[in-house]
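Read through the structure below, which is laid out as structure tokens, and then see the notes.
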Amino acid sequence: MIKRLSAAIGALFVLISCSSNQGVEIDTIRETINIRNASNAAPDDNPVTQDSLKGITQKLIRVKVPRKNISFFAARIATNGDTDTYMSRAGQSVTVTGAAVIATRGLGFDLIGRSGGERSEYIFLDDDHKSVRIRPHCRQTALGSQHIEIAEIKHTANLLQERCNTDQGRHINQFWVARNGDPLRVHHWVGPELGIIEIDWLN
Amino acid sequence: MYGAPDLIDMPSADVLPDGQIQLTFSGFADFNKSSVAFQMSPRLTGVLRYSGLSNYASGGGRVLDRSFDLHYQLLPETKHTPAIAIGLRDFMGTSIYSAQYLVASKQVRPALRATLGLGWSRLSGTHQLQPLDTGTGGVPAFDQWFRGPVGVFGGLVWETPIEGLTVKVEYSSDLYTRENNVLGDATLSSVPSFTRHSDINVALSYRFQSGANVELSYLYGDQIGVQFSGFTNPRTRKTGYYDIAPLPIQGRGPAMHQSTDWIDRDGIKALAANQLADLLARDGARLMGLSIDAQEVRIWIDNRKYSVPAQAIGRAARAMARVFPDSVDHFEIILVRNGLSLSRVALDRTDLETLEHADRKIEKIAQRSHVDDPPALATAEITPARYPQFSWSWGPYAQINFSDFNDQFGIDGGVRLRGRIHLSPKLSFGGSLIKTFESDKTPPVGPSSLPRVRSNLGLYNAVGDPGLETLTLDYTFKPAPAVYGRISVGLLESMFGGISGEILWKSASQNWGLGLELNAVKQRDFDRRFGFQNYSIVTGHISGYFELSNEVTAQLDLGRYLAGDWGGTLTIERRFANGWRVGAFATLTDVDRDSFGEGSFDKGIFVEIPLTTLTSTPTQASLETGFRSVNADGGARLNVENRLYEMIRDGHFRRISGSFGRFWQ
């Protein structure tokens with residue numbers, strides 16, 4: 001199992017390691033294509049080890065959508081302003097601003113966008129391609145520091161919690177952020193169908 | 001019981017959700033009705049109904065009847081005022097169900113809805129009905145609408161505490177005069193199917209979570225009635241969408257680093273073309289042409305994956321943003337189909353970058369994208385492609401056909417295999433084979449005053465199954481920026497072959513167009529092979545296309561039909577952003593009414609369902625079906641494939657601007 005996990009991460013690393021973070025060099029495009037089209041190797045549920053991450057400089061995340069039994073690794077392939085987009089080998093992507101998820105693609109019922117501000121708005125598309133907007137009522141609470149472990153590394157993280165209500169029900173967003181502000185882990189609601197998406201920043 | 005928004009047997013002022021298509025089957029005593037209702041606009045409902053009335057005619061004979069209803073909500077319900085609707089039942093048929101009404105409905109308690117209405121003719125509460133059209137029907141009897149005595153009807157609908165279960169009670173003003181043959185009409189059955197003992201009807205109605213509805217009713221103190229209805233709504237179906245994610249936009253560095261030296265590199269165009277073609281191919285598009293300079297790039301693409309043009313444009317724009325260096329700030333994407341450049345969509349790269357995650361990004365990118373007629377593709381800009389290219393497909397087909405001669409309807413269905421070789425972008429050769437599983441093989445009955453251009457359908461189905469449906473050589477061309485042309489030669493459709501030529505003038509950004517089509521055709525042998533019969537004719541039409549909104553299109557064709565008759569066809573259709581299409585057409589020619597059979601003129605409805613909305617994956621395939629008269633010889637138009645307007649409309653402004661919801665997906 002561990003070997004398969006290491007192989008999956010390793011393969012992803014090989015595919016992305018040639019990519020320039022500048023992104024506009026013509027010669028980097030083929031690697032992006034490869035990432036999008038490589039066969040989908042669904043990762044195991046085993047913990048990620050430091051061994052399997054050795055040598056990887058590219059930002060890597062692990063994504064789970066428990067309600068849909070979706071799980072994948074994704075590498076950062078684009079930065080646009082303060083947003084980062086991570087894409088898996090099978091063509092699923094997640095876009096974040098800091099620790100907050102603002103868009104998903106390739107997951108079936110995608111979050112098309114999310115506007116920030118005091119009261120954030122989640123945008124989806126109905127089957128007639130019209131925008132459907134959901135504006136949860138949320139209450140934020142800082143829950144202090146917590147010890148969490150990601151990829152065999154122990155972190156001390158500040159946990160911020162949002163309790164939210166929508167017409168569809170209630171959900172809780174949780175953001176674990178390092179003291180320097182880097183995101184470490186997030187459990188973020190991304191829509192009534194997908195529910196909560198869980199992301200661990202692995203390196 | 002009528003398939004429209006109603007109480008039990010009486011109408012209400014309610015409407016269906018916009019865009020909803022509802023199928024209803026109902027029956028009591030010796031009568032059954034099959035109805036299709038379509039909410040054409042938020043307030044206008046149309047119903048097409050096919051009814052069977054056993055023991056109705058003299059001697060207990062069965063009558064089959066088509067009828068059409070229109071129901072319009074004049075005023076929607078408010079807190080203090082009821083919804084008010086006006087309606088015409090069976091307004092252009094034989095008038096068996098003919099009635100007009102004005103009705104109001106109001107939610108009077110949280111769980112109680114009340115309806116009160118006035119009715120004419122069949123709903124007048126008297127035996128004074130609109131006279132039956134004993135001829136061919138099909139002509140609205142304007143002079144008889146809302147005339148004569150007025151009846152009052154009404155009812156209550158109570159939503160019980162059991163979710164989905166409602167109880168209905170109504171007072172009916174329909175006396176079922178003819179069904180009970182109250183007036184002793186010699187043409188009607190002398191033994192009534194039921195006896196009307198009461199004005200009161202009651203019903204239990206249960207709506208399942210899927211939306212399907214079952215209703216059990218006790219009618220007129222004498223009968224048990226049943227009704228089942230199901231629906232689909234192109235606007236609100238929720239199926240998800242599964243596709244690989246688009247490439248994200250990579251933000252560019254500071255402007256001072258935007259070197260233009262790269263444009264002078266050897267082989268830069270070939271390199272860019274290769275890499276762009278690879279990226280586009282992953283999104284199902286073919287790079288047909290490329291024009292590069294240091295600040296601006298223009299590409300020609302043939303989108304073969306997405307049924308929604310804005311999605312193909314969005315993907316292509318992001319592929320361009322990944323491939324081209326920072327100095328390129330302006331993108332132009334030209335959509336191509338069958339070698340024809342359809343439209344140019346111009347975008348600024350800065351907009352892509354700033355709007356990718358912006359608030360209202362769908363509306364903003366739609367505002368900032370400019371659509372116009374494309375420039376011609378110069379030889380130097382064509383990217384090399386391998387020809388010939390072969391494509392094929394197979395799939396089921398089905399059509400509900402109505403016979404104007406014996407009032408029967410049936411399903412014509414089977415499997416169709418298509419193949420086509422593209423010898424160049426504009427020249428192709430291909431055709432289709434069909435094998436029917438269910439079809440009408442009845443030869444025509446009796447003499448015909450018109451050439452049998454369609455009424456021999458049964459002979460074609462009997463002899464030519466399986467058969468070669470089409471086999472054509474097609475060439476498309478574009479003599480001017482907004483002018484399109486097509487020439488097709490061969491077996492043009494299942495009953496006629498010959499040559500067909502068409503010219504269409506339509507600018508990408510304007511909402512109307514004009515077309516001219518001329519066909520010299522000969523009738524094919526019944527075996528659907530390569531032989532021809534003696535009948536030949538030159539037909540043609542002048543066509544006007546009017547895009548009344550992003551969704552509604554009207555088409556008027558005037559000209560000569562296959563039987564040599566002259567006239568026109570009006571087609572109105574509503575096409576949803578997701579590709580669902582629902583429409584109706586009517587043809588009126590100089591053929592006398594009797595030659596058409598019941599209905600007096602050719603008419604029908606059609607529905608196109610894009611497969612992507614059923615499979616939740618991207619595809620341009622669709623299922624098309626309809627309900628139409630197939631064997632009327634009058635008003636029969638040649639069924640040429642690849643008509644220009646159908647070919648180009650997806651690449652023009654209305655369709656693009658109506659689909660920007662998918663630009664970012």
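Taken together, the values in this text are just the output of simple stated rules run on the coordinates, not laboratory data. Keep in mind it's a predicted model, so treat the numbers as computed, not measured. Cβ sites come from the backbone with ideal geometry, for glycine too, and all protein chains shown count toward neighbours.
Semi-axes, largest first, in whole Å: what does sqrt of 5 times each Cα gyration tensor eigenvalue give for the protein assembly as shown?
Calculated on Cα positions only, the semi-axes equal 55, 38, 22 Å.
In debye, nearest 20, what is the charge dipole magnitude of the protein assembly as shown about its Cα centre with +1 on Lys and Arg Cβ and -1 on Asp and Glu Cβ, if you could check?
Magnitude of the dipole: close to 1560 debye.
In whole Å, what are the extents of segment B:7-65 along the principal axes defined by its C-alpha atoms, from largest to smallest?
45, 18, 14
Restricting the count to DSSP beta bridges whose residues both fall in the protein assembly as shown, what percent are antiparallel, rounded to a multiple of 5?
Looking only at bridges with both residues in the protein assembly as shown, the antiparallel portion is about 95 percent.
Where does segment B:87-244 land on the Kirkwood hydrodynamic radius, alpha-carbon pairs, in angstrom?
After inverting the mean inverse Cα-Cα distance, the result is 18.1 Å.
At q = 0.21, 0.30 Å⁻¹, work out log10 I(q)/I(0) for segment B:325-364 with the Debye formula, treating every Cα as an identical point scatterer and leaving solvent out; two decimals please.
The calculated log intensity ratios at q = 0.21, 0.30 Å⁻¹ are -0.76, -0.96.
Once segment B:156-207 is represented by equal point scatterers at the alpha-carbon sites, with solvent omitted, what log10 I(q)/I(0) does the Debye formula produce at q = 0.15, 0.26 Å⁻¹?
Listed by q, the Debye log ratios stand at -0.57, -0.93.
Starting from the Cα coordinates of segment B:532-665, work out the convex hull volume and express it per residue in Å³.
126 Å³
List, in the order given, every pair from A:Lys68/B:Lys168; A:Lys68/B:Lys435; B:Lys305/B:Lys435; A:Lys68/B:Lys106 whose Cα-Cα distance in the structure shown is over 31 Å.
On the way: A:Lys68/B:Lys168 41 Å; A:Lys68/B:Lys435 41 Å; B:Lys305/B:Lys435 27 Å; A:Lys68/B:Lys106 42 Å.
Beyond 31 Å: A:Lys68/B:Lys168; A:Lys68/B:Lys435; A:Lys68/B:Lys106.
From the C-alpha gyration tensor of segment B:183-266, pull out the three semi-axes of the equivalent ellipsoid (sqrt of 5λ each), sorted largest to smallest, in whole Å.
72, 18, 10
Using θ = phi - 60° and the Karplus form 6.51 cos²θ - 1.76 cosθ + 1.60, what ³J(HN,Hα) does each residue of segment B:30-38 get, whole Hz, x for Gly and Pro?
9, 10, 9, 9, 10, 10, 10, 10, 10
Which semi-axes, in whole Å and largest first, does the equivalent ellipsoid of segment A:102-203 have when worked out from the alpha carbon gyration tensor as the square roots of 5 times its eigenvalues? If you can, show how the numbers build up before the last one.
On the way: eigenvalues 147, 50, 23 Å².
The three semi-axes for segment A:102-203 are 27, 16, 11 Å.
For segment B:464-532, what is Rg from Cα atoms divided by 2.2 N^0.38 Å, rounded to two decimals?
Working: Rg = 15.1 Å, N = 69, 2.2 N^0.38 = 11.0 Å.
For segment B:464-532, the normalised Cα radius of gyration comes out at 1.37.
Which whole number in µm²/s is D for chain B by Stokes-Einstein, with the Kirkwood Rh taken over Cα pairs at 37 °C and 0.692 mPa s?
For these conditions, the coefficient is 118 µm²/s.
With unit charges on the beta carbons (Lys and Arg positive, Asp and Glu negative) and the dipole taken about the Cα centre of the protein assembly as shown, which residue among B:Leu183, B:Ala114, B:Thr126 sits farthest to the positive side?
B:Ala114
What share of the DSSP beta bridges in chain B is antiparallel, in percent to the nearest 5?
Numbers: 223 of 232 bridges.
Here the share of antiparallel DSSP bridges comes out near 95 percent.
Where does the charge balance sit around A:His147 when Lys and Arg score +1, Asp and Glu -1, over other residues with C-beta under 13 Å from its C-beta?
+2
Take every residue in peptide B:272-283, count the Cβ atoms of other chains within 10 Å of its Cβ, and give the average of those counts.
Values: counts 2, 0, 3, 7, 2, 0, 5, 5, 0, 2, 5, 1.
Mean shielding count: 3.
Could you run the Karplus curve 6.51 cos²θ - 1.76 cosθ + 1.60 with θ = phi - 60° over segment A:139-151 and give me ³J(HN,Hα) per residue in whole Hz, x for Gly and Pro?
10, 8, 9, 8, 9, x, 8, 9, 9, 10, 10, 10, 6
Counting Lys +1, Arg +1, Asp -1, Glu -1, what net charge surrounds B:Asp69 among other residues with beta carbon under 9 Å of its beta carbon?
Net of charged neighbours comes to +1.
Of all alpha-carbon pairs in segment B:420-534, indicate the percentage at a distance above 16 angstrom.
67 percent
For segment B:534-586, what is the convex hull (Cα atoms) projected area averaged across all directions, in square nanometres?
Over all viewing directions, segment B:534-586 projects a mean Cα-hull area of 4.5 nm².
How big is the charge dipole of segment A:45-101 about its Cα centre, in debye rounded to the nearest 20, if each Lys and Arg gets +1 on its Cβ and each Asp and Glu gets -1 on its Cβ?
Values: 8 positive and 4 negative charges, 36 e Å.
The dipole of segment A:45-101 has a size of about 180 debye.
Put one equal scatterer on each alpha carbon of segment B:321-418, apply the Debye formula with no solvent term, and list log10 I(q)/I(0) at q = 0.13, 0.16 1/Å to two decimals.
The calculated log intensity ratios at q = 0.13, 0.16 Å⁻¹ are -0.77, -0.89.
Can you give me the convex hull volume of the Cα atoms of segment B:258-313, divided per residue and expressed in Å³?
84 Å³
Would you kindly calculate the mean projected area, averaged across all directions, of the convex hull enclosing the Cα atoms of segment B:1-117, in square nanometres?
If I average the Cα hull's projected area over directions, I get 7.5 nm².
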